[in-house]
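Laboratory data are not the source of any read-out in this text; all were calculated from the coordinates shown. Nothing here was measured: the structure is a model prediction, and the numbers come from that model. Glycine also receives a Cβ, built like all others from the backbone with ideal geometry; neighbour counts cover every protein chain displayed.
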Amino acid sequence: MALVIAIGGTLAWAAFAAWRGDPGAHWFGYAASVVLVGWLAIQFVVLGFREPVQWVTLSLAVVLVLLSRLAQRAVRS
């Protein structure tokens, strides 16, 4: 249940903000990404490395956040 609230709730919140066209929606997306990466980091500490998909998901989240930051800077310039 905590996973649904923590991850699903923040991602739904970010998606709803983007759907509404909120000018600060990208910050909601960053916050949701931080929650996801934090959840995975805690999962690594508590459960340890179990599946390669954990590393792939964590790496993909980090790459997507960095790419979105670069895109935001390119659009503003």
Complete set of residues in the stretch 43-72 that are within 23 Å of A2 (Cβ to Cβ), without any contact (Cβ under 8 Å) to a residue 24 or more places away in the chain and surrounded by 10 or more Cβ atoms within 10 Å (Cβ to Cβ)
Q43, F44, L47, Q54, W55, V56, T57, L58, L60
Please work out which residue is farthest from A2 (Cα to Cα), limiting yourself to the stretch 19-42 and to residues that are out of contact with any Leu (no Cβ under 9 Å at 6 or more places or on another chain), surrounded by 10 or more Cβ atoms within 10 Å (Cβ to Cβ) and of a type in the set (G, A, S).
A25
